[in-house]
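The values are calculated or read from the model by the stated rules, or taken from the named source; none is laboratory data. Predicted, not measured: the structure shown is a model, and the values here were computed from it. Positions of Cβ are generated from backbone atoms using ideal geometry, with glycine treated the same way; all protein chains shown enter the neighbour counts.
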Amino acid sequence: MAFFGYKDIDKLSGVDLAIYRFIVEHDEQIPYMRVRELARGAHVSNSSVMRFIRKIGYDSFPEFKVSLRSETPIQKPDAPGIQFVQPSAFPADITKIIRLAAQLMVNADNIVFVGIGASAALGEYASRQTSSLGFNSYVVKDPFYPLLPQLRNTSITFWWQCQSPVRRLSWLKCLMTL
């Protein structure tokens with residue numbers, strides 16, 4: 001049941017209205033609160049909060065918090081904040097290179113993701129995602145694994161190396177010559 005779409009507000013008691021108003025006024029903090037913190041903020045008892053939660057159609061407070069978190073729209077800041085990905089960090093023809101990489105992956109017999117540490121975790125994720133799309137893909141996490149001799153009879157293979165975007169693109173350009 002959608003909390004903000006609750007239609008029977010006129011059927012709520014005074015205590016329930018106090019809880020409702022507190023939740024509406026503090027909707028961003030509620031998903032991180034406990035029942036007793038919500039009760040203290042609304043000046044009611046813990047059991048009143050639980051009765052209210054059940055009255056509006058939820059079985060538990062955690063279920064209510066998850067539902068509230070998914071309903072609360074994420075507000076964008078008015079002022080421009082820190083941009084983590086700057087356009088200047090990529091080459092000017094990044095869109096063309098991404099399309100080329102996608103085309104190489106579609107046409108490849110195998111897709112190999114190679115990474116160490118955090119790059120290996122990203123490689124595993126990418127391998128799972130591409131496998132779920134029907135591609136034959138796998139990840140290699142060992143930097144000393146003799147991979148190149150085994151790929152000589154394989155068509156174009158896409159490698160994942162999580163360093164800088166420029167270095168990844170240079171690897172891709174090298175692979176295009178295979």
Checklist line | segment 28-59, residues that are within 25 Å of the chain's Cα centre (by Cα) and polar (S, T, N, Q) | finding: Q29
Note to self: The conditions are (1) surrounded by fewer than 16 Cβ atoms within 10 Å (Cβ to Cβ); (2) within 30 Å of G14 (Cβ to Cβ); (3) at pLDDT 85 or above, and R128 fails exactly one of them. Which is it?
What the structure shows: (2)
Check: Do you know which residues across segment 138-152 are at pLDDT 80 or above and loosely packed, with under 13 Cβ neighbours inside 10 Å?
Finding: D142
Checklist line | Of all residues in segment 108-118 being small (G, A, S) and within 18 Å of L148 (Cβ to Cβ), the one that is surrounded by the most Cβ atoms within 10 Å (Cβ to Cβ) | finding: G115
Checklist line | Close pairs (7 angstrom Cβ cut-off, 6 or more residues apart or separate chains): within 17 Å of D27 (Cα to Cα) in segment 39-52, hydroxyl-bearing (S, T, Y) and assigned to a helix (DSSP H, G or I) anywhere | finding: A39/S48
